[in-house]
Structures are given as C-alpha cells and as structure tokens.
Ligand code: UPG
C-alpha cells in the first residue's frame, strides 16, 4: 500500500489530500501540521476552512484512509510520497523584500524530511514556489540524506477557493514536473498513477521541473491579467457611458478569448495572485529582464488603482466627505463561498474609508469579527502570513463594528458597499434596506451583483463598477 503524507493542513493540503483519499481507497493519506489548533479542527466536526462539499469528503475518509496529525516526523518517515504544501508568503525583510517568496517554511520542511527519512521518497512541491526552488530543495535533501534517494517533483495545485472540491474532482489539468532521468521519470509515473485513478490520462501533463514551476506562476499571472484588463476597461466604461458587462460579453464571445474570468470588480484578492506576480516580477528582475518585470508589475498597479478608484468614488459621491457617516460593508472575504480574507480588496477599501473618518458596519456570512479586526489593524504584508502564527492584535479598530446580518449593517447607514459577490446579496429586500437608511441612500456595488435599475426605482443612488452612472 502506498503511503502519502502531506506537510501543511491549509487550504490546499487539506482538500487535496481529502480528495486523494476519497478517490484512492488503497492509499493511506496523512495530513500533518505543526499547528495543534489546526489539526484539532480537522479532527473535529468544525473544519478549519469553509469549502462547499469538503465536510462530506472528509467525513467519508476520516478514520479510514485519511488522518490528521501533529506527529509530523512519524508520518513523514513512513511515507513513500511526501507532499509539501506549506505557506510561501512574500518576504517582508532583507533581499527581495516585498517581492521574493519567503521559503523559510519550505526549507525547514526539507531539512526535516532529510533528517527523518529512512527509506526512498518522492518529495512533491505542492505550494507555489519560485522557479528553480526544486533545485535548492534537492540540494538540501541530497546533502543531508542518510543514504536514501529523494526524487523531487513539482505538482502545482490549480484549485480555486470556494470551488476546491469540484476543481479537484474534475481538474482542467494535472501538471507533474520532474527530472528527465530514469529515476525522475519513474517518480513522475508513480504520482501520475495516483491521479490516474480519477483524472483522464489526457489531462495529466508531464513536463520538466522548471516548466511545471513556471507554468503555475504563469497561469496565475495570466488570470490576474485578465481581471486587471477588464477592470481597466471598467474605468473607461464609466468615463464614456459604455457598460462593462456588455463589453466583456462581446469580447468573451471570441472563442480565442473565451467568456470566463472577465467580471469587473473592486479588485482581485486572495493569497495567490499578488504574491505570485510579485514573485514573477522578482524572478524577471534577477534574470536581467526589466521590461518583462514591468509588464507584469502593471497588473498589480491596475489592481491597486481599482481599489483606490472605488474609495474615491464613494467619498466624492457622498459630497466629498464620509466623516462620521455610517457605511455598511457587505462582504469581506476575497470572493464568495470562502471565509478567507487574505489580500481581500475589502481590507484596502475599508482602510481607505476609515482614513476618511467613516464609521463602518461590516457583515460577511463567513468571516468572524476577530478576523476582520485583525485584518484592519495589521500593516500591509502582515496579512500574507498564516493566521496561526499571527499574535492577536492588542488594539482593535474602534470605528468598525462587525454584525451578523445585512439589515443590521445597513440600518441608519448613509451608504452600503458590496465588496464580495455572495449570492445572498442579490436576494436582499432592498426596499426594506432603503426604508431604514439615511437619505440620500447610496449603493456602491463593487461586484456588479445588484439590479441597478430596480434599485434606482426604489430611490437609491447607485454606482456599479463599469456601469453608466
Ligand atoms: N475575480 C474577479 N473577476 C473575475 C474572476 C475573479 O475580480 O472575473 C477575483 C475574485 O473575486 C478573487 C480573485 O479574483 O478576489 C481570485 O479569484 P479565484 O482565482 O477564483 O480564486 P483563488 O482561490 O485565488 O484561485 C486562484 C487561481 C487558482 C490557483 C489559486 C492559488 O484561480 O487556479 O490555484 O489562485 O494559486
């Protein structure tokens, strides 16, 4: 029986291993993490992450061929395949600060694997890492190995939060990169056989190590670039009277472009896009390619511009001041169907409004008060670090309250801002909301979820990204 161990019980490690356990009953899967709190949560009925469908998968396998443990060394030493899915935040200090990936967790994982391994192992890079990380990891492993053989594979994960389980059940592709030696090829085959238990062979792509590593950064950069492209068009739409939804529909009908990922928004967030692009930019700079670096930097600049533009729109529409005015924030997560707030545009927008002395009342169906307070009191870049390593903030942001429904958030408010596209925001009773708000009542829809005409008929002043004003 093949044994798999995954270091890192986070958004990628947890769901991916649960699905491998479900689809491969003949494989024993252990997910390990140094955080006892996180492992306890995986072992309880309340999982540490919210992901549709995840509960059922975990329930089906836990206690059979899926386990969660803090005994990292035991499970690593017993495994044939070790996935490493630890956090790779952006470096905050020293060489490459603000751009390069911080590989501290990765390096210590590699040293630990070398230390405890008594049998040959395939070590799989699952977290997104800079190109050529495998080479460094390989060096650490082989120079510390006690006579065992390590094969390094790069197997980047492409799942998106909120749809992780369906993405894992039915991936567009699985990418496996490895050394082009006979041992490397054999390791690729071993991992390919795991995925082949439910993924059609023609969707499993095998490449060299560097192509696999770079493809992951490239895929995220391309995706983020689409959003910055459509967001830049949204500014032009507002200036000209075009409607960005109509423009993206027309553009996306071209089969060469395709219809997906063209929704204008208040900006992209999440733990990956910005971090991976910054990383790509750094790699380009280090390789003497400043033009390429500047090209990708622009994707982030447009994203920052979009968030600033949104805040400016709110303040300027409300007679150039939001000082002392109550503003309801609907949605704080970086996208719907997740409780994750990493790099969420809501952080920048809320900070911008607080900077203009607004009083905020925030509601998100999945994000808790302490998380929001922590996010709003943190310095930039701090958000990039895993929550369990983060000390609780001693101060809380006083002009912010967090409430548990949209009606309380909007009561007596001067404006409401929609920052996450939760389905429930489409179905709210906007007449009731309007009746309980200060007048004029403003709606700033950063996700284009509301029916603008309907709301205008009720009496709201509505601003929706990229729509005629
Ligand atoms: N977004 C838009 N407009 C769109 C699509 C997305 O503004 O048309 C925003 C979305 O609201 C979110 C961000 O873009 O803030 C990222 O969304 P998404 O890509 O769906 O979520 P992630 O979970 O961050 O997934 C991305 C990649 C996935 C990769 C993962 C981690 O889609 O393939 O595995 O990052 O690297």
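Where a number appears in this text, it was derived from the coordinates with a stated rule and is not lab data. What you are looking at is a predicted structure, and each value in this text was computed from that prediction instead of being measured. No Cβ is skipped: glycine too gets one built from the backbone with ideal geometry, and neighbour counts run over all protein chains shown.
Points to keep in mind about this one:
- Between helix 182-195 and the chain there is an angle of about 50 degrees, using the helix long axis and the longest principal axis of the Cα atoms.
- Kirkwood hydrodynamic radius over Cα pairs of segment 412-469, then Stokes diffusion coefficient at 20 °C and 1.002 mPa s, in µm²/s: 189
- With bins 10 Å wide beginning at 0, the percent of Cα pairs of segment 243-314 falling in each bin runs 18, 34, 36, 12, 0.
- Angle of helix 133-144 to the longest C-alpha principal axis of the chain, folded into 0 to 90 degrees and rounded to 10: 40°.
- Relative contact order of the chain: 12 percent, from C-alpha pairs under 8 Å at least 6 residues apart in sequence.
- Label positions at residue 439 and residue 74, each projected 7 Å from the Cα along the C-beta direction, are separated by 6.8 nm.
- Note on residue 45 and residue 60: their simple-model spin labels are 2.1 nm apart, each label 7 Å out from Cα toward Cβ.
- For the chain, the share of DSSP beta bridges that are antiparallel, to the nearest 5, is 5%.
- Taking every DSSP helix (H) stretch of at least 4 residues in the chain, weighting each as -39,500 (n - 2.57) and dividing the sum by the residue count yields a mean residue ellipticity at 222 nm of -13000 deg cm²/dmol.
- Once you reduce segment 254-292 and segment 410-450 to the center of their Cα atoms, the two points are 31 Å from each other.
- Whole-angstrom gap from segment 131-196 to segment 1-72, using each part's C-alpha centre: 19
- Where the Cα pairs of the chain fall when distances are cut into 10 Å bins, in %: 4, 19, 28, 25, 15, 7, 1, 0
- The three principal axes of the C-alpha atoms in segment 13-110 carry coordinate ranges of 46, 30, 23 Å, sorted with the longest axis first.
- Between residue 139 and residue 250, residue separation times 0.36 nm minus the direct Cα-Cα distance comes to 34.9 nm.
- Each distinct pair of alpha carbons in segment 82-138 adds a 1/r term; the inverse of their mean, the Kirkwood radius, is 12.1 Å.
- Residues 254, 33, 399, arranged from fewest to most other Cβ atoms within 10 angstrom of their Cβ, appear as 254, 399, 33.
- Peptides 99-107, 433-441, 235-243, 121-129 ordered by average Cβ neighbours within 10 Å, highest first: 121-129, 99-107, 433-441, 235-243
- 0 to 90° range, to nearest 10: angle between helix 290-317 axis and the chain longest Cα axis: 30
- Remark: spin-label model distance residue 222-residue 183 equals 3.3 nm, labels positioned 7 Å along the Cα→Cβ axis.
- Computed from the Cα positions only, the extents of segment 54-172 along the three principal axes stand at 42, 37, 27 Å, in decreasing order.
- In plain terms, the chain from residue 457 to residue 239 could stretch by 76.2 nm, reckoned as 0.36 nm per residue minus the Cα-Cα distance.
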